[in-house]
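The values are calculated or read from the model by the stated rules, or taken from the named source; none is laboratory data. Owing to the predicted nature of the structure, the values given are computational and were not obtained by experimental measurement. Here the Cβ positions follow ideal geometry from the backbone for every residue, glycine too, while neighbour counts run over all protein chains shown. Areas reflect the complete protein model, heavy atoms only, side chains present, ligands, DNA and RNA absent. Shrake-Rupley method; radii C 1.70, N 1.55, O 1.52, S 1.80 Å.
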Amino acid sequence: MRTDIFARLDREPEPPKIVAPRMSRHRIALFGGTLAFYLAIVWAVLITSWLVALDWKVMLFRPYQQWPELHAFLDYYVVLGQRGPTAVMVACWLGWRSWRQHTLRPLLVLGTSLLLLNLSVGAVKLGLGRLGPHYATQIGSAEMFAGGDIFPSGHTANAVVTWGILAYLATTPRARRYLSAVSATVSLGVGLTTVYIGTHWLSDVVLGWAAGLLILLALPWFEPLIARTETWIFAMRERWRERRGGARPAPVTGAGPQPVLLPQSMATEGLAPGTVTAAAEPVHPAGHPATGARARAHGGHPARPGGMPVAPTGVRRPPPHTERGARGSGSPARPMTGG
């Protein structure tokens with residue numbers, strides 16, 4: 001029996017009217033505040049402030065030794081921050097939404113956010129070159145510009161962006177609130193898990209949260225580009241369909257007259273030559289050149305005595321039937337065979 005739950009899985013007949021978020025004053029204020037916080041964290045690590053000392057205290061505390069029973073579970077939980085598995089899971093969900101709503105916007109938003117994540121976070125990682133806790137060389141040092149790539153935390157930033165996209169693309173305020181809470185919980189847990197395992201400093205995780213939030217807040221600036229890209233992709237699809245449909249061979253017209261095959265019963269009974277000629281010749285409209293030519297050709301045939309015209313050249317009469325008896329004779333007709 002069909003229910004409303006399964007009915008929602010069907011494809012919508014028409015694309016829904018989805019209003020893309022705009023860069024409002026509130027969002028601009030949040031973006032500016034997050035950017036200032038981001039720069040403050042970077043500056044605090046560069047000058048080896050109290051934040052670096054806190055990093056070392058947490059690392060020397062070794063949480064994985066304090067609570068070893070959590071290690072097995074958190075080894076799997078941290079996968080929710082890895083870019084490959086999370087991108088595949090979210091892309092499958094957004095791909096279904098794109099098919100259902102006749103739009104490519106969910107997939108394009110995901111691709112844009114991941115591209116911004118790779119460019120921004122990757123550039124800062126390689127530029128600052130901070131070493132992780134397992135590779136630290138001097139206690140109390142910030143371990144900056146040493147060839148590392150862990151500042152900010154890529155796991156944390158990826159968790160914020162990947163799961164935050166679901167809340168960004170939500171179509172109702174209620175769904176947006178619930179998905180925002182879920183994405184915040186998952187990204188917070190992934191960041192703290194990396195600190196528990198010992199792969200990141202605490203400041204790496206804090207900067208990763210800020211980096212992911214900056215990307216989510218900046219997405220409305222890229223909405224016009226996403227809309228133009230979607231329009232261009234649909235236009236290219238229509239052109240490809242037109243080219244594919246125009247490659248079919250057109251039906252051949254203007255072919256010459258085809259021979260007429262008569263059944264054996266009609267051939268044995270005999271037909272007037274004019275009937276066979278009219279069936280074999282093509283029909284032309286009035287005024288066609290071939291009509292006048294045929295009329296002149298038939299008009300020059302000599303007539304026999306009694307008013308019967310002579311059969312034109314090339315049309316054969318059926319041969320006389322020798323098996324039939326003379327007319328008026330009382331002999332019955334012989335049955336025909338081979339018919």
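Within the stretch 218-267, if we keep just the residues that are among the hydroxyl-bearing types (Ser, Thr, Tyr) and at pLDDT below 55, the residue that is farthest from Leu110 (Cα to Cα) turns out to be Ser265.
Among the residues of the stretch 48-59, how many are part of a helix (DSSP H, G or I), open to solvent by 30 Å² or more (accessible area, probe 1.4 Å) and in contact (Cβ under 8 Å) with a residue 24 or more places away in the chain?
4
Among the residues of the stretch 110-136, which ones are in a helix (DSSP H, G or I), among the hydrophobic types (A, V, I, L, M, F, W, C) and out of contact with any helix residue (DSSP H, G or I) (no Cβ under 8 Å at 6 or more places or on another chain)? Within the stretch 110-136, Leu115, Leu119, Ala123, Leu126 meet the criteria. Only one of these is touching a Ser or Thr at 6+ places or on another chain (Cβ under 8 Å) and of a type in the set (Phe, Trp, Tyr): Tyr77, Tyr64, Tyr38. Name it. Criteria check complete, one pass: Tyr77. Among residues of the stretch 26-47 that are surrounded by 11 or more Cβ atoms within 10 Å (Cβ to Cβ), those with a Cβ under 8 angstrom from a residue that is charged (D, E, K, R), sequence gap 6+ or separate chain, pair up as Val45/Arg130.
Asn158 falls short on exactly one of the conditions (1) open to solvent by 60 Å² or more (accessible area, probe 1.4 Å); (2) touching a Lys or Arg at 6+ places or on another chain (Cβ under 7 Å), and that condition is (1).
The residues listed here are Gly129, Gly208; of these, the one that is at positive phi and not acidic (Asp, Glu) is Gly129.
If you go through the stretch 3-47 and keep only what is over 21 Å from Arg97 (Cα atoms), modelled with pLDDT under 90 and either part of a helix (DSSP H, G or I) or basic (Lys, Arg) (or both), you end up with just Arg22. The residue pairs whose first member lies in the stretch 85-99 and is of a type outside the set (Lys, Arg), whose second member is not in a helix (DSSP H, G or I), and whose beta carbons are closer than 6 Å, counting only pairs six or more residues apart or on different chains, are Ser98/Leu104. Within the option set Ser153, Ser187, Ser141, being touching an Asp or Glu at 6+ places or on another chain (Cβ under 8 Å) and either touching a residue at least 40 places away in the same chain (Cβ under 8 Å) or not small (Gly, Ala, Ser) (or both) holds for one residue only, Ser153. Restricting Leu188, Leu192, Leu179 to those that are within 29 Å of the chain's Cα centre (by Cα), in a helix (DSSP H, G or I) and among the hydrophobic types (A, V, I, L, M, F, W, C) reduces the list to Leu179.
Checked against the criterion of being farther than 22 Å from Phe61 by Cα and buried (at least 24 other Cβ atoms within 10 Å of the Cβ), the candidates Trp201, Trp163 yield just one match: Trp163. Report yes if Gly84 is more than 21 Å from the chain's Cα centre (by Cα) and either buried (at least 16 other Cβ atoms within 10 Å of the Cβ) or in a helix (DSSP H, G or I) (or both), otherwise no. For Gly84, the condition - more than 21 Å from the chain's Cα centre (by Cα) and either buried (at least 16 other Cβ atoms within 10 Å of the Cβ) or in a helix (DSSP H, G or I) (or both) - is not met.
Residues are listed down the side, and each one gets a yes or a no for (1) open to solvent by 10 Å² or more (accessible area, probe 1.4 Å); (2) free of Cβ contacts under 8 Å to residues at least 40 places away in the same chain; (3) among the hydrophobic types (A, V, I, L, M, F, W, C):
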position: Val195; (1), (2), (3): yes, no, yes
position: Leu207; (1), (2), (3): no, no, yes
position: Pro224; (1), (2), (3): yes, yes, no
position: Arg228; (1), (2), (3): yes, yes, no
position: Arg239; (1), (2), (3): yes, yes, no
position: Arg244; (1), (2), (3): yes, yes, no
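Answer with yes or no whether Ala175 is closer than 30 Å to Ser98 by Cα and open to solvent by less than 40 Å² (accessible area, probe 1.4 Å). Answer is yes for this residue.
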